[in-house]
């Protein structure tokens with residue numbers, strides 16, 4: 001094989017390798033964009049579901065009292081506990097003058113930095129003091145530990 005043919009074959013193999021490499025990088029980037037999009041949709045879905053649960057809870061409070069954490073699903077007339085987009089039950093808690101609905105988020109651990117939660121104040125009679133504009137909160141868990 002002549003030097004010219006060897007160089008030509010090496011150049012073609014190099015171009016083929018780089019073409020394959022660029023194609024691989026493109027697929028990885030497309031995959032990352034897809035995964036980020038899915039993560040965003042899941043977060044938005046959790047926020048919408050939490051808002052719905054919060055509104056059902058507010059309606060219940062207006063007609064009755066603050067629901068108990070233990071019987072929240074039956075008190076809201078929901079046949080079975082709802083799961084967030086990551087497969088974890090939504091968590092309800094009423095304490096220190098707040099009703100809080102929470103999703104564990106992507107890491108599936110409650111009270112971590114990626115939790116999604118909404119809270120609303122209530123007074124000693126169980127009535128909602130004020131109905132804030134939603135979203136009420138989507139910040140770190142430290143803000144609920146006041």
- [ ] Could you work out how far the C-alpha centroid of segment 63-91 sits from that of segment 3-23, in angstrom?
- [x] 62 Å
Task: Gyration tensor verdict on segment 3-144 (Cα atoms; rounded if a/c is under 1.5, prolate if a/b is larger than b/c, oblate otherwise) - done: prolate
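Going by how many other beta carbons lie within 10 Å of each one, how would you line up 99, 48, 93, fewest first? Numbers along the way, then the final one.
Values: 99 24, 48 11, 93 16.
Lowest to highest Cβ neighbour count: 48, 93, 99.
No value in this document is a laboratory result; all are computed from the given coordinates. Computed from a prediction, not measured in an experiment: that's the story for all the values here. Counting neighbours? That spans all protein chains shown, and the Cβs are built from the backbone with ideal geometry, glycine included.
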